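Just below is one structure, and these are the notes that go with it.
The values are calculated or read from the model by the stated rules, or taken from the named source; none is laboratory data. On a predicted model such as this, the values are computed, not experimentally measured, just so you know. Here the Cβ positions follow ideal geometry from the backbone for every residue, glycine too, while neighbour counts run over all protein chains shown.
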Amino acid sequence: MSKNLRGADLGGADLTNADLRAADLSGADLTAADLTGVDLSHANLTRAELSDAKLNGAVLVGANLTGAELHGANLTGAVMTGADLTDAELYGANLTNAKLYEAILTGAELHGANLTGAVMTGADLTDAELYGAILTGAKMHGADLHGENLLGENLAGADLSGANLSGANLTRANLSGANLTRANLSGANPNGADMTGANLSIADLTNAKLTNAKLTNANLTRANLTDANLTRANLTGADLTRANLANAYLANANLLNANLTNANLSGAYLSGANLTRANLTDANLTGINLNGANLIGADLSGANLTNAKLIGVNLTDADLRTAYWSDANLINADLSGAKMPEGW
């Protein structure tokens with residue numbers, strides 16, 4: 001078959017397993033064509049019409065699909081490493097288990113697309129439209145999703161380690177069990193997001209808006225949450241060992257059984273927070289506001305509470321034996337059964 005197929009009418013054609021490497025199919029009409037297993041490596045498919053085409057297992061390594069129309073196309077298991085899909089229309093396309101390593105998806109329309117298990121390591125998704133896309137179990141290590149609108153998206157179990165999600169809208173997104181290790185979420189808005197069991201170790205959450213977020217049993221070790229808003233967030237059982245929560249806002253947050261060993265909470269606001277049985281061993285709590293907070297049974301061994309505000313705090317059965325208290329305000333605090341420093 002000739003490889004100069006520019007503008008060709010191939011609608012409905014059976015091109016199963018064809019060798020179309022480096023072919024020129026720019027502007028070609030391949031509507032509903034069967035391209036199962038076809039090799040289109042480095043082919044030019046600029047503005048090609050591929051709506052409802054079958055591209056199962058097709059090889060599109062380095063292919064140029066700029067502005068291509070792939071509405072409803074089946075790309076299950078397709079290999080699209082390094083492909084250029086800038087401004088491509090992939091509305092409702094099936095990309096289950098597709099390989100999109102370092103693909104360019106800038107401005108691509110992926111509304112309602114199925115990307116379950118797709119591999120998008122290093123892919124550029126700047127300004128891509130992902131609303132309503134299915135991203136369950138997608139592998140997006142190092143992907144660029146900054147400023148992306150992922151409102152309500154299902155990213156459960158997705159690999160977003162090292163991904164750039166700065167400024168992204170993740171409101172009510174499902175990120176349960178997701179891997180966000182070293183991800184950049186600075187200024188992101190995961191308001192009301194479900195991040196149960198997510199791995200956010202060493203993640204950058206500076207200025208992130210996590211109001212009402214579910215972070216139960218999440219791994220936030222060494223995460224940077226400076227100036228983050230965690231109002232009413234659920235951090236039950238979360239691991240925040242060595243996390244930086246300086247000046248973070250955690251009013252009425254639930255930190256039941258949370259691990260805050262060596263965490264930095266200097267200047268943080270935790271008024272009304274629940275820290276029952278929380279581990280605050282060696283934590284930096286200088287200038288913290290814990291007014292009205294519940295710290296029943298909490299371990300504050302070695303914690304630094306210099307200038308801490310503890311008005312009306314409940315410290316029943318808390319361990320404070322080696323805590324440092326200089327200039328702390330304990331007016332109306334309940335210290336019933338608390339283990340106090342020697343000579344208190």
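A few remarks follow.
- Verdict on LEU270 being out of contact with any strand residue (DSSP E or B) (no Cβ under 6 Å at 6 or more places or on another chain) and under 18 Å from PRO190 (Cβ atoms): no
- Qualifying position, being buried (at least 21 other Cβ atoms within 10 Å of the Cβ) and of a type in the set (Asp, Glu), among ASP204, ASP227: ASP204
- Residue in region 20-34 that is within 24 Å of GLY132 (Cβ to Cβ) and more than 27 Å from the chain's Cα centre (by Cα) present: yes
- Residues that are within 19 Å of ASN247 (Cα to Cα) and either polar (S, T, N, Q) or touching a residue at least 24 places away in the same chain (Cβ under 8 Å) (or both) within region 287-344 comprise ASN289, ASN291, ASN304, THR306, ASN307, ASN329, listed in sequence order.
This table checks each residue for (1) buried (at least 24 other Cβ atoms within 10 Å of the Cβ); (2) of a type in the set (Ser, Thr, Tyr); (3) within 21 Å of ASN212 (Cβ to Cβ); (4) in contact (Cβ under 8 Å) with a residue 40 or more places away in the chain.
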| position | (1), (2), (3), (4) |
| --- | --- |
| ALA253 | yes, no, yes, no |
| TYR269 | no, yes, yes, no |
| THR281 | no, yes, no, no |
| LEU285 | yes, no, no, no |
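- The set of residues in region 325-344 that are part of a loop (DSSP other than H, G, I, E, B), under 18 Å from LEU265 (Cβ atoms) and out of contact with any Gly (no Cβ under 9 Å at 6 or more places or on another chain) comprises TRP325, SER326, ASP327, ALA328, LEU330.
- Here GLU102 meets the list (1) touching a Lys or Arg at 6+ places or on another chain (Cβ under 8 Å); (2) of a type in the set (D, E, K, R); (3) within 26 Å of SER176 (Cα to Cα) almost entirely, failing just condition (1).
- The residues of region 302-324 that are buried (at least 18 other Cβ atoms within 10 Å of the Cβ) and part of a loop (DSSP other than H, G, I, E, B), listed by number, are ALA303, LEU305, ALA308, LEU310, VAL313, LEU315, ALA318, LEU320, ALA323.
- Check on THR322, out of contact with any strand residue (DSSP E or B) (no Cβ under 6 Å at 6 or more places or on another chain) and over 23 Å from LEU230 (Cα atoms): yes
- Meets criteria (farther than 15 Å from ASN179 by Cα, more than 16 Å from the chain's Cα centre (by Cα) and assigned to a loop (DSSP other than H, G, I, E, B)) for HIS111: yes
Okay, residues lined up against (1) outside any loop (DSSP other than H, G, I, E, B); (2) of a type in the set (A, V, I, L, M); (3) touching a helix residue (DSSP H, G or I) at 6+ places or on another chain (Cβ under 8 Å); (4) farther than 18 Å from ALA246 by Cα:
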{"site": "ALA156", "(1), (2), (3), (4)": "no, yes, no, yes"}
{"site": "GLY167", "(1), (2), (3), (4)": "no, no, no, yes"}
{"site": "GLY177", "(1), (2), (3), (4)": "no, no, no, yes"}
{"site": "THR181", "(1), (2), (3), (4)": "no, no, no, yes"}
{"site": "ASN207", "(1), (2), (3), (4)": "no, no, no, no"}
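- Residue within region 127-136 that is more than 25 Å from GLY72 (Cβ to Cβ) and either in contact with a Gly (Cβ under 9 Å, 6 or more places away or on another chain) or at pLDDT below 95 (or both) present: no
- Check on LEU95, crowded, with 24+ Cβ neighbours inside 10 Å and within 27 Å of GLY152 (Cα to Cα): yes
- Condition met for ASN4 (crowded, with 19+ Cβ neighbours inside 10 Å, polar (S, T, N, Q), farther than 19 Å from GLY77 by Cβ and in contact (Cβ under 8 Å) with a residue 12 or more places away in the chain): no
- The single condition among (1) under 17 Å from THR81 (Cβ atoms); (2) of a type outside the set (A, V, I, L, M); (3) buried (at least 18 other Cβ atoms within 10 Å of the Cβ) that GLU102 does not meet is (3).
- Against the test of being buried (at least 21 other Cβ atoms within 10 Å of the Cβ) and either small (Gly, Ala, Ser) or closer than 26 Å to LEU145 by Cα (or both), the options LEU70, LEU25 yield a single qualifying residue, LEU70.
- Test: residue in region 224-233 that is on the phi > 0 side of the Ramachandran plot and either among the β-branched types (Val, Ile, Thr) or in contact with a Phe, Trp or Tyr (Cβ under 9 Å, 6 or more places away or on another chain) (or both): yes
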